[in-house]
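The values are calculated or read from the model by the stated rules, or taken from the named source; none is laboratory data. Being a predicted model, the structure only gives us computed values, none of them experimental. Cβ coordinates were reconstructed from backbone atoms using ideal geometry, including for glycine residues, and neighbour counts include every protein chain displayed. Just so you know, the surface numbers come from the protein's heavy atoms only, side chains and all, with ligands and any DNA or RNA stripped out. Shrake-Rupley method; radii C 1.70, N 1.55, O 1.52, S 1.80 Å.
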Amino acid sequence: MANNSYSGVKNSMVEANHDADFGCTLKDLRSLMELRGTEAISKIGESYGDVQGLCSRLKTTPVDGLSGHPTDIEKRERVFGQNLIPPKKPKTFLQLVWEALQDVTLIILEVAAIVSLGLSFYRPPDAEREHCGRAAGGVEDESESEAGWIEGAAILLSVICVVLVTAFNDWSKEKQFRGLQNRIEQEQKFTVVRGGQVIQIPVAEIVVGDIAQIKYGDLLPADGVLIQGNDLKIDESSLTGESDHVKKTLEKDPMLLSGTHVMEGSGKMLVTAVGVNSQTGIIFTLLGSAEDDEEEEEEKKKEKEEKKKQRKNKKQEASVENRKKAKAQDGAAMEMQPLNSDEGVDAEEKKKTNLPKKEKSVLQGKLTKLAVQIGKAGLVMSAITVIILVVLFVVDTFWIQNLPWVKDCTPIYVQFFVKFFIIGVTVLVVAVPEGLPLAVTISLAYSVKKMMKDNNLVRHLDACETMGNATAICSDKTGTLTMNRMTVVQAFLAEKHYRKVPDPENIPSSTLDILILGIAVNCAYTTKIMPPEKEGGLPRQVGNKTECALLGFSTDLKRDYQAIRNEIPEEKLYKVYTFNSVRKSMSTVLKMADGSYRMFSKGASEILLKKCYKIVTANGEPKLFRPRDRDDMVKKVIEPMASEGLRTICLGYRDFPASEGEPDWDNENDILSGLTCLCVVGIEDPVRPEVPDAIRKCQRAGITVRMVTGDNINTARAIATKCGILLPGDDFLCMEGKEFNRRIRNEKGEIEQERIDKIWPKLRVLARSSPTDKHTLVKGIIDSTVIEQRQVVAVTGDGTNDGPALKKADVGFAMGIAGTDVAKEASDIILTDDNFSSIVKAVMWGRNVYDSISKFLQFQLTVNVVAVIVAFTGACITQDSPLKAVQMLWVNLIMDTFASLALATEPPTEALLLRKPYGRNKPLISRTMMKNILGQGVFQLILIFTLLFAGEKLFDIDSGRNAPLHAPPSEHYTIVFNTFVLMQLFNEINARKIHGERNVFDGIFNNLIFCSIVFGTFIIQFVIVQFGGKPFSCVALTIDQWLWCTFLGFGSLLWGQVISSIPTSRLKFLKTAGHGTQKEEIPDEELDELDDMEEIDHAERELRRGQILWFRGLNRIQTQIRVVNAFRSSISLYEGLEKPESRTSIHNFMTHPEFRIEDSEPHIPLIDDTDAEDDAPTKRNSASPRNATPTPPSPSPSLSPAPPVSPSPNQNNNAVESSNHLLPEAPKSGTPSAPASPLHSLETSL
């Protein structure tokens, strides 16, 4: 793939003398890893003899692995490189400063300040000054007029302050993010064999020559060659774009590549390339500087999204390479970019969305919208201010005083205009709430840092805030609600049901031998029971917990499974059918000495018992096992066990006599039948002690907890009752996957939203569910419109098969301990302790973020309203803003940066869990908050204006109004400024409560940041007033004046109590603000953002618009065709309306009756979230590579067969669904708007 276009990379030119130590060089290995399939096998054959030969050249053995000696490891790292892809350098502080300077309002201010500076040095001859009008004269003191430059300089200085603060915030945010990323990476460990011991090491420490154990659900960390594999299937779509799972065997294709996912099976591989020399590393290097960690994460995500696009239009390899290049998130990618197909679009998107962010979260959406609205208002206000000032000045000077325009006076007039302009800009600066994005960032970053302590590792910042709105949690049972420490507590063995583990003496030894052999070889060899870490502790369970229970069972029966494993190492197993979500069983075949085969199977009891036709009796002989006996057993053994919350596992075996020859191992249905049942065990997984309490908290907080599990329904019901998900006497549904599927599908087997809507509100337990069921349920709840508030769903998962559901959910939680890499990759938050109660903590933090932002808004908007009105009216009446530019910038700094720090870091309290979730459309500013904002605003304005127009009489000082151009600062205006700032400070304390609580000091000392900021601001304010002098336009005040200012400021606290006494319900005129966008007002391009909050970029928007137009056209045509057909065949025009399926059903693409997972069908649903792809594998090789999606059956009899639809480019939200909101007339007219549209032609043409 890279054709060694690679010479430029460090590490690749290594001095030859090192290579002599090993039997092959870095270059040999790299060229080997570029081959695939048979070529690779022949190359290994030519150069090394076989894989064993390669091992010995790399000085390692398949059984014992590397010695693990530090010098050896170091040498390998030196010769073959480390398993790191060097991260891109973080942005330097100066770059961040430069970015902060790009802010438009700041640029305007800088320009104005520089002009003001320049003009202040120009002095017209004194003689002329009198002719320039009243305003210009009246400067008594020479030194005063020389101080004219101070204002410009002060503005520049304050701009510098703002920029530095912003840059510092960005810098610390970036640093935190990297820390987080590193932590995620350190947590990623991989199993290798060193010195004969199986150990887990961080991925970065893997070296060439390591023997790594791979299993279902792993993300391969390096390239390697397969040494031994059982039924290994790999999803290589992240590298090749091929969605089929690739079967890896020693004979056909032993090459394993980094960055690919193990979808089935297990095995061992010899690591042959790491870091920049591995396939993923080479691609990264091709992209230029390897992306930094954040983007690496993103990269993987992007790769997944790419996969989806690739599946939709499978292009030739070349384009896959382009796509890789297009992924370089820098513009350079564009040059090597043929603009065909969707690649160009892709690169465009990448350019526009340079930020490695997921989509905008709900909160950011609302805030951006609000900020834009406020900004527009500010712009209008500032423009009006400038116009009024200029007009007043011109009228006064040239009309009332009747002066001619003298050339010498021009600079003075210009100075006036610049002054007016600066006042206008300050109004704008104060009006624009640039603190909003900052507050969100601070609040989220702070929460994320603190959530680490609560065992939540947040991978996407916005997940934290979405969690606060969660209305439903679909949780796994094993490991999340329960302890995931399995033990066998009951067994049905030798025709007897034992309530506790039986005494080995009571069991025929022949039965026992077969049983222990079966348990030992038919559990993955990576699963074992280790001695406890502490004396007297419980033995440690490593690997799959269900298998640990069985191994523990064999130990309880006083037998040693390890002895059998030593006798039959993994290489000697003849064939292994690994467990997957479709088979629900695992089987291992041994070849016996006499040439016969024996297969051991274990699996879910109700599935495996159907395959048994014999059962072992009390004397150890098998006897016939009829369906009647089976029903008996289910009633007497399995159901009683299950109702006690036990998971039942059946163990069986089958002999294939040598006389019949070798069976056809690929025909699983035949192989897995005719079993002899050995025993059925009941495995208990105790409920975590803290779970019932956590679930109660959730229910109190208005969050519905649903349990989705693969266990049988009785077990599930028993555990759900123990947890408190099901309360006795409630009429909630518990349902099995089969039944669920039957109820949600119509006659044609399509899933219908209406049918899901009938079930989900009452559903609490979904048992025996397949991954597809989980995904369907999550999708159904999210897309449901039965309840007016759109549901926000969180999902927990640990297995690879949970991938689609985790991605589809609003927030996906993966298990940090038990979770597979694939699950972690698809998730938003990783629970480092796998504990459900950590989810409740996440909800608390999420709600806290929301409240913090609202508090900040309440404070900020009060300041904004007051400052803007004061500046505006003051300027209009007195021709000079009472609050000077520099003072405004200081106020801006207090209310933006400091307040966002102070209010955004309030710690959460349990009280947050006592209210219902806000939901997506809840406005940011509630009516209570609106009441507070307006009430405080009115109070502050009355005070300020009283001071402004009567202050000189009250305090008996000179009036500051109508001062000439460079007049010295006045006490009068200093008092106004001081009072204004102190009112904001006291109001900041008011802003701590947003739900109309009385006690605003409640818990104030729990937040040190808040206290220190309020105190610090006060100190700085004191310094500014007393020593600020000319730059701040302040004069030192007396003690009396300070006390008065403080008293007036304190008034806002008292006034706050008055406001909270007025019931909000009385004030009907109050409006809320800051809604999420409502459905009606959505322009086409935003359509998708809220429908699914999925990332959508400009290129895609254009495409979406095109599609919508297509749909409209098509709908009309379809309607016309139907009318014609109706007349022609005299059917009622409405015949489509009676059939529910003719409405655009939400899962429009899951239209295949044949898409029902039978036990026999070996395909696993892809880790993906478009339903279209869920069926793709069933009809994979359709006629043309582009239409890889199967043709849906035409939904209405009068239409001709539809051409295949290619799903739209954004994920979970097929364009067809999006057409629903846009075309209210479509579904009504009874036209099946969707599957029959030649949409793909549109996509390819674009």
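What are the extents of the Cα atoms of the range 1019-1066 along their three principal axes, in Å, largest first?
48, 22, 16
Through the Karplus equation 6.51 cos²θ - 1.76 cosθ + 1.60, θ set to phi - 60°, convert the phi angles of the range 1045-1059 into ³J(HN,Hα) values in whole Hz; use x for Gly and Pro.
So the J values, rounded to whole Hz, are 4, 5, 4, 5, x, 4, x, 5, 5, 5, 4, x, 5, 4, 4.
Averaging over all projection directions, find the projected area of the Cα convex hull of the range 402-474 and quote it in nm² with one decimal place.
If I average the Cα hull's projected area over directions, I get 9.5 nm².
Rounded to whole Å, give me the distance from the Cα center of the range 554-587 to that of the range 847-924.
64 Å
Plugging the Kirkwood radius over Cα pairs into Stokes-Einstein for the range 157-213, at a temperature of 4 °C and a viscosity of 1.567 mPa s, what D comes out in µm²/s?
This corresponds to a translational diffusion coefficient of 90 µm²/s.
Using alpha carbons only, how many angstrom separate the centre of the range 723-744 from the centre of the range 71-108?
Computed from Cα coordinates, the inter-centre distance equals 51 Å.
Would you please report the Å³ per residue occupied by the convex hull of the alpha carbon atoms in the range 662-758?
Considering the Cα atoms of the range 662-758, their hull volume per residue is 194 Å³.
Could you grab the relative contact order for the range 816-893? Cα pairs under 8 Å, six or more apart, rounded to a whole percent.
15 percent
Compute the Kirkwood hydrodynamic radius of the range 506-564, taking the inverse of the mean of 1/r over all pairs of distinct Cα atoms, and give it in Å to one decimal.
That comes to 11.9 Å for the range 506-564.
Which of the residue pairs LYS376/LYS931; LYS611/LYS807; LYS59/LYS248 have a Cα-Cα distance greater than 28 Å in the structure shown?
LYS611/LYS807
Based only on Cα atoms, what Rg/Rh ratio does the range 777-898 have, Rh being taken as Kirkwood's radius?
On the Cα set of the range 777-898, Rg over Rh gives 1.29.
Please compute the Kirkwood hydrodynamic radius over the range 731-784, one decimal place, Å, based on all pairs of different Cα atoms.
11.0 Å
Compute the label zone of ILE1020 within the range 848-879: residues whose backbone N is under 13 Å from the point 7 Å along Cα-to-Cβ.
Nothing falls inside the zone, counting backbone N under 13 Å.
Quick one: compute a quarter of the convex hull surface over the Cα atoms of the range 631-678 and quote it in nm².
4.6 nm²
Can you pull the one-decimal nm distance between simple spin-label points at GLU910 and GLU174, each 7 Å off the Cα toward Cβ?
Going by the 7 Å Cα→Cβ label model, 4.3 nm.
Rounded to whole Hz and in sequence order, give me ³J(HN,Hα) for the range 862-877 from the Karplus expression 6.51 cos²θ - 1.76 cosθ + 1.60, θ = phi - 60°, writing x for Gly and Pro.
Using θ = phi - 60°, the values come out as 4, 4, 4, 4, 5, 4, 5, 5, 4, 4, 5, 5, x, 5, 5, 8 Hz.
Under unit Cβ charges (Lys, Arg +1; Asp, Glu -1), what dipole magnitude, rounded to 20 debye, does the range 607-726 have relative to its Cα centre?
About 880 debye.
Got a sec? What order do HIS245, HIS995 fall in by accessible area at 1.4 Å, biggest, i.e. largest, first?
Largest accessible area first, the list is HIS995, HIS245.
Considering the options PHE1047, PHE1069, GLY1003, tell which one lies farthest towards the positive end of the dipole of the range 978-1070, charges being +1 on Lys and Arg and -1 on Asp and Glu at the Cβ, about the Cα centre.
Most positive-ward Cα: PHE1069.
Which three semi-axes in whole Å describe the equivalent ellipsoid of the range 684-809, each the square root of 5 times a Cα gyration tensor eigenvalue, listed largest first?
So the three semi-axes of the range 684-809 are 23, 17, 15 Å.
Find the eigenvalues of the gyration tensor of the Cα atoms of the range 923-1013, then list the square roots of 5 times those eigenvalues as equivalent ellipsoid semi-axes, largest first, in whole angstrom.
In descending order, the three semi-axes are 33, 16, 11 Å.
As a test of understanding, state the convex hull volume per residue of the range 369-490 from its alpha carbons, in Å³.
Looking at the range 369-490, the number lands at 132 Å³ per residue.
Based on the Cα gyration tensor of the range 691-735, what are the three equivalent ellipsoid semi-axes, each the root of five times an eigenvalue, rounded to whole Å and given largest first?
Semi-axes from the Cα gyration tensor: 18, 11, 10 Å.
Compute the Cα gyration tensor for the range 26-101, then decide on rounded, prolate or oblate, letting a ≥ b ≥ c be the square roots of its eigenvalues: rounded whenever a/c is under 1.5, prolate when a/b is larger than b/c in the other cases, and oblate in all that remain.
oblate
Work out, step by step, the length gained on full extension between TRP665 and ALA563: first 0.36 nm times the residue separation, then minus their alpha carbon distance; give nm to one decimal.
33.9 nm
Please grab the % of Cα pairs in the range 769-836 that end up more than 15 Å from each other.
For the range 769-836, the fraction of Cα-Cα distances above 15 Å is 48 percent.
Only Lys, Arg, Asp and Glu count, each charged at its Cβ (+1, +1, -1, -1), so figure out the dipole size of the range 22-63 about its Cα centre, rounded to 20 debye.
Here the range 22-63 has a charge dipole of around 160 debye.
Run the paramagnetic zone check for GLU644: 7 angstrom along Cα to Cβ, then residues of the range 590-611 with backbone nitrogen under 19 Å.
605-606
Quick one: go through the range 677-714 and flag any residue whose amide nitrogen is under 11 Å from the point 7 Å out along the Cα-to-Cβ line of GLU739.
713-714
Can you pull the accessible area of TYR413 for me, 1.4 Å probe, Å² to the nearest 10?
Counting only protein heavy atoms, the figure is 0 Å².
Kindly state, as a whole number, the per residue volume in cubic angstrom of the convex hull around the alpha carbon atoms of the range 436-490.
Dividing the Cα hull volume of the range 436-490 by its residue count gives 96 Å³.
In the structure displayed, which of LYS88/LYS453; LYS545/LYS774; LYS450/LYS916; LYS189/LYS575; LYS453/LYS762; LYS635/LYS762 lie more than 26 Å apart, Cα to Cα?
Cα-Cα > 26 Å for LYS88/LYS453; LYS189/LYS575; LYS453/LYS762; LYS635/LYS762; rest within.
As a test of reading the structure, rank LYS623, LYS738 by solvent-accessible area (1.4 Å probe, protein chains only), most first.
LYS738, LYS623
Relative to the compact-globule scaling 2.2 N^0.38 Å, provide the ratio for the alpha-carbon radius of gyration of the range 922-971.
Normalised Rg, Cα atoms only: 1.75.
Could you give me D for the range 862-983, from Stokes-Einstein at 25 °C and 0.890 mPa s, where the hydrodynamic radius is the Kirkwood radius over C-alpha pairs? Units µm² s⁻¹, please.
This corresponds to a translational diffusion coefficient of 146 µm²/s.
With charges only on Cβ, +1 for K and R and -1 for D and E, what is the dipole size of the range 697-765 about its Cα centre, in debye, rounded to 20?
That gives a dipole near 240 debye.
Considering only protein heavy atoms and a probe of 1.4 Å, how much of the accessible area of the range 574-703 is carbon and sulfur, as a whole percent?
49 percent
What is the log10 of I(q)/I(0) for the range 600-682, computed with the Debye formula using one identical point scatterer on each Cα and no solvent, at q = 0.12, 0.24 Å⁻¹?
-0.37, -1.19
Which value in nm describes the separation of the simple spin-label points at ASN402 and LEU727, placed 7 Å from the Cα toward the beta carbon?
So the label points at ASN402 and LEU727 sit 8.8 nm apart.
Using only protein heavy atoms and a 1.4 Å probe, report how much of LYS916 is accessible, in Å² to the nearest 10.
Around 130 Å² of this residue is reachable by solvent.
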